[in-house]
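Presented below is the structure to which this report refers.
Any read-out appearing in this document is the output of simple, stated calculations on the displayed coordinates, not a laboratory observation. Fair warning: this is a prediction, and the values are worked out from it, not measured in the lab. Positions of Cβ are generated from backbone atoms using ideal geometry, with glycine treated the same way; all protein chains shown enter the neighbour counts.
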Amino acid sequence: MENKAGVVGVIKALFRFPVKSMHGHRLDEAFLTGSGFAGDRRFAFVRADNHSNFPWLTSRQVNSMLRYEPYFTDPANPLESSVRVTTPDRQDFPVDSPELLAGLTAHYPAGAYLTGSQEGLFDDSAVSLISLATINWLGEQAGLELDPCRFRPNLLVETLSGEPFEEEKWVGSVLQLGDREDSPQIRLESQNIRCVMINFDPDTAQETPAVLREVARSRKNKAGLYGSVVRSGWVRAGDAICLLPGHPTG
């Protein structure tokens with residue numbers, strides 16, 4: 001990668017997850033709104049018996065949720081489009097259909113209900129980022145080839161140094177995504193504390209506890225970063241990532 005002033009990496013891939021804990025989409029480009037990628041985590045299922053600050057029905061309760069494939073019927077308008085979901089047995093239902101809910105709650109008898117928000121239903125922040133080198137290093141330690149979607153990032157990046165965990169130096173910094181005058185900007189605010197979701201293969205839903213064990217052992221349970229949006233705009237795979245002057249790393 002060419003070393004230009006201010007450039008710290010490049011965007012390798014973009015991901016959006018229309019329904020929390022279900023399959024995601026790899027995108028060539030996406031519009032970054034003030035509350036994250038348009039349409040990201042627009043819907044979620046809530047456990048009817050849970051009143052904590054983490055009430056979501058996820059693969060922790062229903063492993064097969066990761067194999068449900070939501071999609072926008074009008075992908076060009078993810079905030080207004082209706083959403084449908086293809087189930088693991090290839091049935092296709094509206095996201096708010098009784099049939100879809102019945103299939104999920106068959107594995108969770110306490111019950112659940114659908115909720116939605118155009119601003120996204122996030123655990124912490126509207127943007128998440130992790131580097132390819134970090135994922136590859138963790139995979140080597142765990143003895144697995146890890147699909148980046150295990151970590152459910154919005155931005156998969158390749159750092160200029162190619163060193164794992166290089167992105168941790170960016171906490172507290174503002175990054176510009178692209179070199180256009182209207183390129184969006186994000187502020188990276190904290191490291192991402194991981195949970196058992198990273199143990200699940202995103203295609204098969206098979207659980208491998210060695211992944212979270214390794215993150216806990218070597219990284220104090222942290223991998224990747226959370227951020228907020230400073231300026232909205234289009235993000236594209238292949239865009240350079242620029243550290244803005246006046247926002248030191250480390």
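Which of (1) 54, 40, 32; (2) 45, 41, 39; (3) 51, 43, 35 is the computed Cα extents along the principal axes in Å for the structure on display? The value matching this structure is (1).
At the listed q of 0.17 Å⁻¹, the Debye profile of region 139-250, built from one uniform point per Cα, gives log10 I(q)/I(0) equal to -0.89. For the chain, the dipole from Cβ point charges (+1 on Lys and Arg, -1 on Asp and Glu) about the Cα centre works out to 580 debye, to the nearest 20. The relative contact order of the chain comes to 28 percent, based on Cα pairs under 8 Å that sit 6 or more residues apart. Here the gap between ASP147 and CYS195, fully extended at 0.36 nm per residue and compared with their Cα-Cα distance, gives a gain of 15.7 nm. Extending 7 Å from Cα along the Cβ direction at TRP234 and again at ASP182 yields two label points whose distance is 0.8 nm.
Pairs of Cα atoms nearer than 8 Å and 6+ residues apart set the relative contact order; for region 1-123 it is 28 percent.
Distance from the C-alpha centroid of region 1-78 to that of region 136-183: 16 Å, rounded to the whole angstrom.
For the chain, the longest principal axis of the C-alpha atoms and the axis of helix 210-219 are separated by about 40°. Available extension along the chain between GLU29 and ASP89 is 18.6 nm, counting 0.36 nm per residue and deducting the alpha carbon span.
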